[in-house]
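Inspection log for the structure reproduced underneath, given as structure tokens.
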Amino acid sequence: MNVNAAIAAVAALAGLCTGVIAMLAFRWSEREQAKPTRSSLHTDAVLPPGVDTVLSVLRSSAVVLDEADAVVKASSAAYALGLVRGGKIAIEQMLAMARDTRRDGEIRQIELDLPRRGTGRGGDALAVSARVAPLGSRLVLLLVEDLTEARRIEAVRRDFVANVSHELKTPAGALSLLSEAVMDASDDPEAVTRFAGRMQVEATRLTSLVQELIDLSRVQNDDPLEDAEPVRVDELVAEAIDRCRHQAGTKQITMATGGTADLHVWGHRGQLAAALGNLVENAVNYSPARTRVGIAARRIPATGGDLIEIAVTDQGIGISEKDRERIFERFYRVDPARSRQTGGTGLGLAIVKHVAASHRGEVTVWSAEGQGSTFTLRLPEAGAARDRDRSPSETYESGADLDGEDQDRPYETFTNETLSAPEVLP
């Protein structure tokens, strides 16, 4: 009898424990369900009607806070920016603004620089604008907009305007001074002739700068593929050589052309001619006298269709490693003093880069100081990609891996079989 009573007591105790555990588990489950989640940190009933729908279509990162500073609702963009962590606002300045707005009901706004998620470096800062406003009587709405890209574009625009102003001011100022010198030397025909020659040089430089600004604006704003057509590479090369014939002849620079004949690229003829012309003109301007400039074209296989690769190689001064990273920036010049002597504006390579990008191609550079440079323009071939039988004369030795220490120069020699006999300009 005592044994049966003991068993009954144990069973009752076990049942009581099970009930207690079940009740605690139920309470814990309710508490977990009440915790905030990424999509909805409280039930939709907490928010005023329609607010949830409005927040879901906002471009800004949105966070709704309750009376205890807990996150009621947060958009996925808010998590991506690192604004919300563990159901709380992670940015102390924004949390302080929310508390002040909850206290007095005033709308507040502030601009902050935040470290990118996962980094603490100042160079990786995100520029954001935070605006806090009351939402009903108990909630606070925080809207955060990422201004990083807008600030970058504004900085580029500001630098561009400053550079343009400086570049235009230099020849304009020189023309003004030279005109005064001509007036003062009106009785000296020799001085007038000398000053007039200088004025012509500055006027030509000013005209070139204005024209390149127009070209850069055009290639940035227009879609060249709207008027695209098959363009013969041979014609582009011939036009580029003709453009630089006088400068090359003055410096006794030999122009060597070659590669695969009868190639066609797809794009806007005028823009492509300007891009290749800029590359050849740079090669001539930055090459010493009695050297060679080579222009070679070939077809290379690529996913989605073959590409046409046009390489312009010189034996000039070369470009240092630190300058190679910036040479395609507007107005950036490796040697400003030399650029002014050659009439360079610092816009030529920027135009080449934009033309290549707008034609779904690219431009790359290989260079070594004292050895010269090779600029390579890659563009889609005209027509559908198809298999072609390539003869040995279409094959180039493009060199070893350029990242290695033993770097073979692309299109290194002008005397291989792919190049025609050099054209010695008069």
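Right, residue 248: in contact with a helix residue (DSSP H, G or I) (Cβ under 8 Å, 6 or more places away or on another chain) and closer than 20 Å to residue 373 by Cα or not?
Numbers: in contact with a helix residue (DSSP H, G or I) (Cβ under 8 Å, 6 or more places away or on another chain): yes; closer than 20 Å to residue 373 by Cα: yes.
So residue 248 fits the description; yes.
Going through the stretch 55-76 one residue at a time, which ones are free of Cβ contacts under 8 Å to residues at least 40 places away in the same chain, open to solvent by 20 Å² or more (accessible area, probe 1.4 Å) and in contact with a strand residue (DSSP E or B) (Cβ under 6 Å, 6 or more places away or on another chain)?
73, 75
Criterion first (assigned to a helix (DSSP H, G or I), out of contact with any helix residue (DSSP H, G or I) (no Cβ under 6 Å at 6 or more places or on another chain) and either modelled with pLDDT under 70 or at positive phi (or both)) does residue 55 satisfy it?
On the way: assigned to a helix (DSSP H, G or I): yes; out of contact with any helix residue (DSSP H, G or I) (no Cβ under 6 Å at 6 or more places or on another chain): yes; either modelled with pLDDT under 70 or at positive phi (or both): no.
No; evaluated as a whole, the condition is false for this residue.
Keeping to the stretch 160-189, report how many residues are more than 16 Å from residue 200 (Cα to Cα), outside any loop (DSSP other than H, G, I, E, B) and open to solvent by less than 80 Å² (accessible area, probe 1.4 Å).
Summing the residues that are more than 16 Å from residue 200 (Cα to Cα), outside any loop (DSSP other than H, G, I, E, B) and open to solvent by less than 80 Å² (accessible area, probe 1.4 Å) in the stretch 160-189 gives 7.
Give me the pairs, please: first residue somewhere in the stretch 159-181 and polar (S, T, N, Q), second residue anywhere and assigned to a helix (DSSP H, G or I), beta-carbon distance under 9 Å, and either six or more positions apart or on two chains.
Partner pairs satisfying both residue conditions: 170/202; 170/205; 170/206; 170/340; 179/195; 179/199.
Given (1) open to solvent by less than 70 Å² (accessible area, probe 1.4 Å); (2) more than 29 Å from residue 59 (Cα to Cα), identify the lone condition not met by residue 136.
(2) is the only condition that residue 136 fails.
Take the conditions open to solvent by 90 Å² or more (accessible area, probe 1.4 Å) and either free of Cβ contacts under 8 Å to residues at least 24 places away in the same chain or closer than 30 Å to residue 70 by Cα (or both) and apply them to residue 198. Does it pass?
Working: open to solvent by 90 Å² or more (accessible area, probe 1.4 Å): yes; either free of Cβ contacts under 8 Å to residues at least 24 places away in the same chain or closer than 30 Å to residue 70 by Cα (or both): no.
Judged against the criteria, residue 198 is not a match.
How many residues does the stretch 105-133 contain that are open to solvent by 70 Å² or more (accessible area, probe 1.4 Å), assigned to a strand (DSSP E or B) and modelled with pLDDT of 80 or more?
Of the residues in the stretch 105-133, the ones open to solvent by 70 Å² or more (accessible area, probe 1.4 Å) are 106-107, 109, 111, 113, 115-118, 120-121, 123, 131.
Then keep just the ones that are assigned to a strand (DSSP E or B); that gives 109, 111, 113, 115, 131.
Then keep just the ones that are modelled with pLDDT of 80 or more; that gives 109, 111, 113, 131.
Qualifying residue count for the region: 4.
Given the criteria out of contact with any helix residue (DSSP H, G or I) (no Cβ under 7 Å at 6 or more places or on another chain) and at pLDDT 85 or above, does residue 92 qualify? Full working, then the answer.
Details: out of contact with any helix residue (DSSP H, G or I) (no Cβ under 7 Å at 6 or more places or on another chain): yes; at pLDDT 85 or above: yes.
Judged against the criteria, residue 92 is a match.
Within the stretch 223-271, track down each residue that is without any contact (Cβ under 8 Å) to a residue 24 or more places away in the chain and either among the charged types (D, E, K, R) or more than 30 Å from residue 288 (Cβ to Cβ) (or both). Full working, then the answer.
The first filter runs over the stretch 223-271 and keeps only residues without any contact (Cβ under 8 Å) to a residue 24 or more places away in the chain, leaving 226, 235, 238, 242, 246, 250, 270.
226, 235, 242, 270, listed by residue number.
The values are calculated or read from the model by the stated rules, or taken from the named source; none is laboratory data. It should be emphasised that the depicted structure is a prediction, and the values quoted were computed from it without experimental measurement. Heads up, the Cβs are rebuilt from the backbone with ideal geometry, glycines too, and the neighbour counts pull from every protein chain shown. Keep in mind that these areas ignore ligands, DNA and RNA; they rest on the heavy atoms of the full protein, side chains included. Shrake-Rupley method; radii C 1.70, N 1.55, O 1.52, S 1.80 Å.
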